[in-house]
Amino acid sequence: MLRKLRPIFSTFNAKFSTRLEIDPNLRDRFESDQYKPRNHPGRSRVKIAKIPNEIQNAIKIILQDSGAKSYYEESVKLNNYLISRHLPPEENEITEKAAKIHRNVSKRYSKQNGDMNLAEDKIKTTVFNILKKNVYRWANIAYDQPTSLQYLMARAAPEYAVLVRILDEINRQLPDYKPRSFFDFGSGVGTGTWAVNTYWKGDIFEYFTVDTSTHMNDLAQLILCQGRDNVEMPFKAYFQRQFLPASTDLKYHIVLSAFTLFEMPDMKSRLETIQKLWNKTEDFLIIVEHGSNAGFRVVNEAREFVLNSTQQDQGYAFAPCPNDNVCPRYLEHQTPCNFLMKYETLPFPSKTEVMAELFSYVILRKGARPSNDPGWPRVVRAPIVRSGHTICRMCTAKGELEEVIFSKAKYDQKTYRCARSCNWGDLLPVK
């Protein structure tokens with residue numbers, strides 16, 4: 001499934017040997033002050049995200065009517081569980097672990113007892129007990145009404161913020177792009193719909209959402225109806241299903257799977273789902289998970305699967321990757337490629353706070369990478385800003401991780417100030 005890993009010799013400890021400067025195609029715009037370093041075209045325009053007021057009002061009505069204030073502590077526990085969740089162990093991993101434990105236990109028994117046949121039952125029992133303690137007990141979550149309300153309280157704000165930040169990549173790089181349809185797999189309380197409407201509310205004609213929980217579907221629809229049962233759905237072409245349709249005849253301009261693939265029991269199920277979603281994609285397929293090691297593994301798994309596909313539907317990594325090579329972060333450091341998004345919490349049950357969410361994502365686009373793609377490097381860790389210089393850690397178009405020291409003495413003012421203004425997750429418009 002995954003491509004053969006090739007050796008990459010650059011590391012964050014190695015400095016970029018080639019001198020960088022503002023993309024020549026943008027130089028005139030910077031000189032004429034059409035672009036300012038603090039607002040260069042690679043910067044994300046979303047700094048702190050807040051759920052729209054009309055959605056917040058609907059959520060407040062629903063939570064108050066449901067007496068959800070008593071669910072607050074449970075919502076915190078649910079959030080902590082979701083963030084720290086691991087992937088379900090694969091059968092071969094369990095088999096290998098069991099065999100290793102069996103060998104170790106057998107050696108111990110062979111020293112104590114001469115007749116191994118008599119000890120075999122005890123060995124099996126011991127292996128089983130040890131295995132139970134050492135294998136992650138994965139289970140998918142059943143979202144009944146209380147759990148759905150807890151999820152709404154805990155996850156609506158951070159998930160909306162992350163999705164708005166990701167969709168800004170498309171809107172910023174393709175300002176004239178107008179999607180007409182949206183498909184949300186694992187739609188939950190509807191954060192995907194809120195996020196796409198932030199940019200393309202007047203353009204999207206059809207919304208198709210899939211979630212196995214009827215309680216989640218009901219909750220998502222109620223939020224769009226201002227929290228009232230007697231209010232008409234504001235979108236004429238808004239469809240909800242519990243299961244992913246098998247047909248590939250209909251395609252959607254934007255297909256989203258956000259914080260969903262952890263509910264799949266194994267890698268095979270995840271990749272089959274990714275293939276079905278890719279088949280339904282007209283333009284963009286977006287995969288989002290928590291910014292943990294496990295979350296990044298799922299995102300990278302989907303990225304590798306699509307980019308390595310031998311089928312006719314060719315695609316490339318639109319964001320965050322400026323390349324289609326094997327992810328250097330995964331290859332070199334075995335650490336997640338993740339990003340940070342700040343958001344305002346819901347004003348329920350207490351006042352609003354500003355918090356932050358780590359996330360991993362990939363936007364895959366149908367077709368071949370354009371020949372005029374700028375290939376700007378992506379800042380993959382928070383820049384280190386010091387007096388007179390800034391250190392940027394970036395993923396480049398060559399598929400390498402590079403650390404560049406932009407000093408005031410060695411770089412021109414525009415390049416230096418652009419680097420100094422960059423944030424974690426931005427593109428830096430240099431070549």
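A few notes on this one:
- Note: relative contact order over region 288-431, using C-alpha pairs below 8 Å and six or more positions apart, is 25 percent.
- What region 346-421 shows is 47 Å² of accessible area per residue, with the surface traced by a 1.4 Å probe over protein heavy atoms.
- 10 Å binning of all Cα-Cα separations within the chain, expressed as whole percents from 0 upward: 4, 19, 27, 23, 15, 7, 3, 1, 0
- Of the trypsin sites (Lys or Arg not before Pro) in region 309-389, those whose Cβ has at most 14 other Cβ within 10 Å and which sit in DSSP loop: 351
- Surface composition of region 246-322: carbon and sulfur atoms hold 48% of the protein heavy-atom accessible area at a 1.4 Å probe.
- Rounded to whole numbers, the Karplus 3J(HN,Hα) couplings from phi for region 61-75 are 4, 5, 5, 5, 5, 8, x, 6, 4, 6, 8, 4, 4, 5, 5 Hz, using 6.51 cos²θ - 1.76 cosθ + 1.60 with θ = phi - 60°, and x at Gly and Pro.
- Region 43-188: relative contact order in percent, alpha carbon pairs under 8 Å with at least 6 residues between: 44
- Within straight-line cross-link reach of residue 414, aspartates and glutamates at Cα separation under 15 Å, skipping those fewer than 8 residues along the same chain: 21, 23, 28, 31, 33
- Carbon and sulfur %, accessible surface of region 81-184 computed with the full protein complex present, 1.4 Å: 51
- In terms of packing, defined here as the mean over residues of other Cβ atoms within 10 angstrom, the peptides 58-67, 119-128 line up highest first as 58-67, 119-128.
- Antiparallel content of DSSP bridges confined to the chain, in %, to 5: 60
- Under 22 Å from the Cα of residue 178 - lysines, other chains or at least 8 residues apart: 201, 236, 251, 280, 366
The values are calculated or read from the model by the stated rules, or taken from the named source; none is laboratory data. Quantities reported herein were computed from a predicted structural model and do not represent experimental measurements. All Cβ positions, even for glycine, are placed from backbone atoms using ideal geometry, and neighbour counts span all protein chains on display. Remember, those area values only see protein heavy atoms, side chains included, never the ligands or the DNA or RNA. Shrake-Rupley method; radii C 1.70, N 1.55, O 1.52, S 1.80 Å.
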